[in-house]
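Reading through the structure tokens given below for one structure.
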Amino acid sequence: MQRTTAEGRGTVRYGPPAPQPGLPVLPELTAVLAAAAWRSAPEPAGGGVPVRAAAARHWGRRGLPTDPDHVAAGPGAPALLLALLGAYGGDVMLPRPCPAWWTPQVRLLGRRAYHVPTPAECGGVPDPYALLETVRRVRAEGGDPRVLLLSVADDPTATVPPPELLREACEAAESAGLFVVSDETWRDTVHRPVPGRSGGTGADVVLSPAEMLPEDTAVLLDLSGALLPAGWPAAVIRFPGTPRGTWLRARTLDVLTATGGFVAGPVAGAAAHALDEPAAVAGRSASAAALHGAVARAAHRELLAAGALARPPQAGRHLYADLTPLRSGLARQGVGDAMELEDWLGGRLGAPTPGGQRFADEPVAPRVRLSTGPLLGATPEERLAALTATDPLALPHVRDSLARLRSVLAGLSD
């Protein structure tokens, strides 16, 4: 994370980036982008037919039949979410913790963001009862909550909400008259996906609110989650196939046009190719998810062995640690809250460890997001070796990274 003495910790532009894969770009995607480099014009607002049709096919394979005319593309999820919220209006309900970039989007529009605690089992969705009570209280105080923003594979907690909890959250949203925006950026990074749902083997079922509330859910997908490098910004959003969905898409395109939120032509070509998931793309996505899952589970074991708390990571390239049980050891190091923990732990590990305050969590709680990318190695060659290894945890550079984490945590023990 970038930071300056003058700017301090609170400025949006110095916030934490999304966890990066730490892997070289897939050569097939580089070739597709290079072949489209002659395109000098951007895509039309909302994306051209090829990228929207590819997105529709992508969702169709996941049990969400989609018409390309109900899809819009933009230069990354933040641009699309800003346009959607600007078009829809009203205040926004969010889980606590939530991705670092969500709350600034709401506040940038002059709207109010209300954070609701998540259930004990997972992050990504609000506790249904707390959601209903918070909406009731906010409306009684003159607020205007209209949207619930949630995620089915969560940053920062790296968890997947159980189907029954997701359904209860959706039922609560429906009861409260909230429109749901489901950020599914990390859906295809599930470490142990179920066959037919995300393309692998295991037991983590990922459902979408659009399956439960088809007329009241928009689905947001940033391709940097599983398909494209972050430096090629592209995202897509699926609107309900209803008159209101058509109206909302049109309003969203108005905002994208006014703000110049167009996808670059060559990137749109690469995005369409990636969304169709040819063998090389699907294989890289599955291999990367398995690699990050193996390293995340190893890091999780180190955290628990040291006495820290963390939910078992299920998706993404990170995990979320609560070092509250190690408060006395942290106090010896002069660490008293999440902001100080961010600086101290990041300095010891040599990698960004954004504190919970960045994710709308309680600043006094010593919580951090740890990314698995830096644990894969220091060079592209080392990280690629981890991707192709039968047992990445046996590689010397991966062992050394985990040993450094173990050593830092051991220094906090009583």
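The values are calculated or read from the model by the stated rules, or taken from the named source; none is laboratory data. Values in this document were obtained by computation on a predicted structure and should not be read as measured data. We place every Cβ from the backbone using ideal geometry, glycine too, and count neighbours over all the protein chains shown. Remember, those area values only see protein heavy atoms, side chains included, never the ligands or the DNA or RNA. Shrake-Rupley method; radii C 1.70, N 1.55, O 1.52, S 1.80 Å.
Filtered by the rule that a residue be open to solvent by 20 Å² or more (accessible area, probe 1.4 Å), over 15 Å from Val398 (Cα atoms) and not aliphatic (A, V, I, L, M), segment 286-316 gives Ser287, Gly307, Arg311, Pro312, Gln314. Please go through segment 77-102 and pick out each residue that is closer than 18 Å to Pro16 by Cα and touching an Asp or Glu at 6+ places or on another chain (Cβ under 6 Å). Of everything in segment 77-102, those that are closer than 18 Å to Pro16 by Cα and touching an Asp or Glu at 6+ places or on another chain (Cβ under 6 Å) turn out to be Ala77, Pro97, Pro99. When Ala271, Ala290 are checked against the criterion of being more than 13 Å from Gly76 (Cβ to Cβ), in contact (Cβ under 8 Å) with a residue 12 or more places away in the chain and not hydroxyl-bearing (Ser, Thr, Tyr), a single residue qualifies: Ala290. Checking each residue in segment 377-388 for being outside any helix (DSSP H, G or I) and within 11 Å of Val295 (Cβ to Cβ) picks out only Gly377.
Out of Leu345, Leu330, Leu304, one residue alone is farther than 30 Å from Ala54 by Cα, in a helix (DSSP H, G or I), in contact with a Phe, Trp or Tyr (Cβ under 9 Å, 6 or more places away or on another chain) and hydrophobic (A, V, I, L, M, F, W, C). It is Leu330.
How many residues, within segment 321-336, are open to solvent by less than 20 Å² (accessible area, probe 1.4 Å) and touching an Asp or Glu at 6+ places or on another chain (Cβ under 9 Å)? Let's see the steps before the verdict.
Step one: of segment 321-336, the residues open to solvent by less than 20 Å² (accessible area, probe 1.4 Å) are 321, 323, 326, 329-330, 335.
Next cut, touching an Asp or Glu at 6+ places or on another chain (Cβ under 9 Å) only: 326, 329-330, 335.
Adding up the residues that qualify gives 4.
Please find, among Pro374, Pro352, the residue that is open to solvent by 50 Å² or more (accessible area, probe 1.4 Å), part of a loop (DSSP other than H, G, I, E, B) and either within 12 Å of Ala299 (Cβ to Cβ) or in contact (Cβ under 8 Å) with a residue 24 or more places away in the chain (or both). Explain how you work it out, then say what you get.
Working: Pro374 fails: part of a loop (DSSP other than H, G, I, E, B).
Result of the check over Pro374, Pro352: Pro352.
Determine whether Pro363 is within 30 Å of Leu149 (Cα to Cα) and assigned to a loop (DSSP other than H, G, I, E, B). Spelling it out, Pro363 is indeed within 30 Å of Leu149 (Cα to Cα) and assigned to a loop (DSSP other than H, G, I, E, B). In segment 175-194, the residues that are free of Cβ contacts under 8 Å to residues at least 24 places away in the same chain form Cβ pairs under 7 Å with partners that are surrounded by fewer than 22 Cβ atoms within 10 Å (Cβ to Cβ) and part of a strand (DSSP E or B), at six or more places apart or across chains, as follows: Val194/Asp204.
Against the conditions (1) touching a Leu at 6+ places or on another chain (Cβ under 6 Å); (2) touching a residue at least 24 places away in the same chain (Cβ under 8 Å), Arg317 satisfies every one except (1). Residues in segment 350-372 that are within 18 Å of His397 (Cα to Cα) and at pLDDT below 95: Gly350, Ala351.
Against the numbered list (1) within 15 Å of Gln20 (Cα to Cα); (2) more than 22 Å from the chain's Cα centre (by Cα); (3) assigned to a loop (DSSP other than H, G, I, E, B), Gly336 comes up short only at (1). Apart from one condition, Ala403 fits all of (1) in a helix (DSSP H, G or I); (2) within 22 Å of the chain's Cα centre (by Cα); the exception is (2). Quickly run through segment 230-284 and pick out the residues that are touching a helix residue (DSSP H, G or I) at 6+ places or on another chain (Cβ under 8 Å) and part of a loop (DSSP other than H, G, I, E, B). Answer for segment 230-284, where residues must be touching a helix residue (DSSP H, G or I) at 6+ places or on another chain (Cβ under 8 Å) and part of a loop (DSSP other than H, G, I, E, B): Trp232, Pro233, Ala234, Phe239, Pro240, Gly241, Gly261, Phe262, Val263, Asp276, Glu277, Pro278. Contact map, segment 241-267: residues that are touching a residue at least 60 places away in the same chain (Cβ under 8 Å) and surrounded by fewer than 16 Cβ atoms within 10 Å (Cβ to Cβ) paired with residues that are in a loop (DSSP other than H, G, I, E, B) and among the acidic types (Asp, Glu), Cβ distance under 9 Å, separation 6+ or inter-chain. Pairs shown: Gly241/Asp67; Gly241/Glu215. If the condition is being open to solvent by 50 Å² or more (accessible area, probe 1.4 Å) and touching a residue at least 12 places away in the same chain (Cβ under 8 Å), then segment 394-412 contributes Arg404, Arg406, Ala410.
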